[in-house]
1. Please state the charge dipole magnitude for segment 112-218, taken about the Cα centre, from unit charges on C-beta atoms (+1 on K and R, -1 on D and E), reported in debye and rounded to the nearest 20.
2. Suppose R0 equals 22 Å. What FRET efficiency, 1/(1 + (r/R0)^6) with r the Cβ-Cβ distance, do Asn213 and Ala108 give to the nearest 0.05?
3. Using Cβ contacts closer than 10 Å as the measure, can you line up His130, His185, His166 from fewest to most?
4. I'd like to compare 216-222, 112-118, 171-177: which one has the highest average count of other Cβ atoms within 10 Å, and what's the full order after that?
5. Where Rh denotes the Kirkwood radius from the mean inverse Cα pair distance, what is Rg over Rh for segment 112-218?
6. Each label point is 7 Å from the Cα along the Cα-to-Cβ direction; what then is the distance between the points at Thr74 and Lys221, in nm?
7. Give, as ranges by residue number, the residues of segment 110-128 whose backbone N falls under 17 Å from the point 7 Å along Cα→Cβ of Asp154.
8. Is there a pair in Lys151/Lys210; Lys194/Lys221; Lys140/Lys224; Lys140/Lys210; Lys181/Lys210 whose C-alpha atoms are over 22 Å apart, and which pairs would that be?
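Values quoted throughout were computed directly from the atomic coordinates according to the rules given, and no laboratory measurement underlies them. Because the structure is predicted, anything quoted here is derived from the model rather than measured. Positions of Cβ are generated from backbone atoms using ideal geometry, with glycine treated the same way; all protein chains shown enter the neighbour counts.
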Amino acid sequence: MDRWSHHRNVGRETSESRSFPQALNQSLCRCCLGGGDNSHRPQSLEDQGRPIVSEHQRGGEEGGAHTPVGTRRTFFGWVTKVAAGLIGLGLVIPLAGYVISPALKRRARPWVDVGSLADVPPGDPKQLDHVTTIQDGYLKSQSQKAVWAVKQPDGQVRVFSPMCTHLGCGYRWDGEERQFKCPCHGSVFDIEGKVVAGPAPRPLDLLPSKIENGRLLVVFKEFKPGTREVVEL
């Protein structure tokens with residue numbers, strides 16, 4: 001090998017050995033300063049302030065196939081109001097039925113035939129019983145109610161509830177002393193139903209009655225015991 005060839009080869013090796021550190025240094029500089037792949041480049045202040053939009057959202061905006069946020073909010077607000085209205089209606093209807101039902105029941109009470117007027121002697125109270133048969137499918141039950149009827153000298157009839165006005169006990173007629181007497185707490189009433197003795201707070205309760213074709217018709221009612229005022233149940 002001649003001298004010129006030897007110096008040329010040495011120069012090439014020296015140039016190649018120097019070029020590798022320089023290339024590595026340039027690569028590191030590009031990575032630090034943002035060169036090369038743009039995916040690793042830090043965002044600018046303007047880019048950082050923008051909202052992040054996905055490819056799906058970007059495609060929807062470009063194609064127009066998206067639902068406005070206001071429309072969704074309006075729809076869900078409407079659904080919420082409808083559900084609240086249905087719940088409120090479900091609470092109001094039973095409450096209205098609870099308030100109205102007692103009034104309807106009071107108006108619907110019928111006249112009941114409790115017997116012949118001839119069975120009631122003048123001046124002597126007579127207890128009249130009325131038995132009602134209730135059919136519930138294959139089952140039958142009986143409900144018995146009673147009244148005290150008093151025929152006055154003028155032929156008119158007064159009909160009393162059979163319950164004492166003190167605590168609702170049943171009372172009886174004492175023919176010898178001619179008084180109604182309650183065995184529970186000793187309340188005593190005269191033949192007109194007025195309180196004679198005992199803790200009863202008011203006279204005996206009168207029931208609506210009328211006479212049709214010689215029959216005594218009565219409307220059965222219940223009253224709250226223990227009060228001075230007459231309170232119908």
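1. Numbers: 12 positive and 13 negative charges, 35 e Å.
For this selection, approximately 160 debye.
2. Working: r = 24 Å, r/R0 = 1.07.
Once rounded, the FRET efficiency stands at 0.40.
3. Numbers: His130 15, His185 12, His166 20.
Final ranking by Cβ density, sparse to dense: His185, His130, His166.
4. Working: 216-222: 17.4, 112-118: 14.6, 171-177: 13.0.
Descending packing order for the listed peptides: 216-222, 112-118, 171-177.
5. Working: Rg = 15.1 Å, Rh = 14.8 Å.
Taking Rh as the inverse mean 1/r over Cα pairs, Rg/Rh reads 1.02.
6. Taking the simple label geometry, Thr74 and Lys221 are separated by 5.9 nm.
7. Within reach of a label on Asp154, which here means backbone N under 17 Å from a point 7 Å along Cα→Cβ, segment 110-128 contributes 122-123.
8. Numbers: Lys151/Lys210 12 Å; Lys194/Lys221 19 Å; Lys140/Lys224 29 Å; Lys140/Lys210 30 Å; Lys181/Lys210 26 Å.
Where the Cα-Cα span goes over 22 Å, the pairs concerned are Lys140/Lys224; Lys140/Lys210; Lys181/Lys210.
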